[in-house]
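Following: one structure in structure tokens, then a few remarks.
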């Protein structure tokens with residue numbers, strides 16, 4: 001596939017630094033290894049190379065969903081791909097799903113869910129902070145997924161407009177406050193997921209889930225460790241993204 005003006009490209013340097021850019025024939029991109037004329041990428045294929053004025057090569061890579069999530073403009077901490085992947089699997093979000101998200105942050109998880117529900121589903125994203133909604137809407141739009149996401153300015157205690165949705169995601173300082181609203185908007189058998197960094201938040205959330213007739217409750221933590229692979233001396237990297245949050249899941253029953 002040939003790269004054209006307006007396409008997104010992940011630039012990879014020789015020292016494995018990455019930059020997500022929009023190709024524009026009039027734009028120069030400044031890097032730690034010199035300036036790149038993005039016009040040179042037009043007509044090339046993903047996997048090809050362009051060079052800075054200093055002769056330093058950059059590979060032209062096709063951005064993945066993970067790349068787009070990690071490169072969003074951040075006003076808040078994001079949901080990391082390792083957690084987002086587990087949320088998608090555990091809640092069964094797929095094309096056609098109707099999903100409520102409360103606590104949009106910078107929109108990284110929104111991008112993952114919108115990609116999953118596309119083209120026939122919808123994500124309804126709520127937040128009480130207008131600046132977060134504006135930034136997230138921009139990030140989702142740049143990912144090409146704005147058509148399946150609806151953004152709403154509201155506090156979780158005021159409830160949601162939608163009914164009989166398949167999934168509700170709560171990413172809030174006090175997720176237990178959102179559980180009653182979630183229960184009212186979910187269909188029987190619907191799935192809920194909550195993200196919290198501390199034990200006491202999880203305890204209060206699980207207690208609220210039980211009161212609202214959620215079953216099959218489960219709380220997990222996802223840890224991913226990278227390895228430095230070298231012949232005869234492979235070992236783990238010294239640093240890792242360890243605790244990002246506890247994920248709590250449940251399913252709604254009718255009693």
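Read-outs: derived from the displayed coordinates by stated rules, not from any lab. Everything quoted here is computed from the prediction, not taken from an experiment. Neighbour counts run over all protein chains shown; Cβ positions are idealised from the backbone, glycine included.
What is the distance in Å between the Cα centroid of region 227-247 and that of region 78-105?
That distance is 25 Å.
When DSSP beta bridges are limited to those with both residues in the chain, what percentage is antiparallel, rounded to the nearest 5? Don't jump to the answer; show the numbers that get you there.
Details: 30 of 49 bridges.
Counting DSSP beta bridges with both partners in the chain, the antiparallel share is about 60 percent.
Helix-derived [θ] at 222 nm for the chain: sum -39500 (n - 2.57) over DSSP H runs of at least 4, divide by residue count, nearest 500?
Helix-only estimate at 222 nm: -7000 deg cm²/dmol.
Hey, quick one: spin label on residue 184, modelled 7 Å out along Cα-Cβ, who in region 202-221 has an amide N within reach, i.e. under 18 Å?
Once the point is set 7 Å along Cα→Cβ of residue 184, 208-214 turn out to lie under 18 Å by backbone N, inside region 202-221.
Please determine, in degrees from 0 to 90 and to the nearest 10, the orientation of helix 199-211 with respect to the longest principal axis defined by the Cα atoms of the chain, where the helix direction is its Cα long axis.
50 degrees
Angle, helix 130-142 long axis vs. longest principal axis of the chain, Cα atoms, 0 to 90°, nearest 10?
50 degrees
Any idea what angle helix 81-91 forms with the longest principal axis of the chain, computed on alpha-carbon atoms, 0 to 90 degrees, nearest 10?
Roughly 40 degrees between the two axes.
When every alpha-carbon pair in the chain is counted, what percent end up more than 34 Å apart?
Result for the distance tail: 27 percent.
Can you tell me which of 39-48, 226-235 comes out highest on packing, and rank the rest after it, using the mean Cβ neighbours within 10 Å?
The densest-packed peptide leads the list: 39-48, 226-235.
How would 83, 155, 15 line up from fewest to most surrounding beta-carbon atoms within 10 angstrom?
15, 155, 83
Starting from the 7 Å offset along Cα-to-Cβ, what nm value, one decimal, do you get for the label separation of residue 131 and residue 48?
Taking the two extended label points, one gets 4.2 nm.
Give me the number: length gained by fully extending residue 26 to residue 199, i.e. 0.36 nm times residue separation minus the C-alpha to C-alpha distance, one decimal in nm.
57.2 nm
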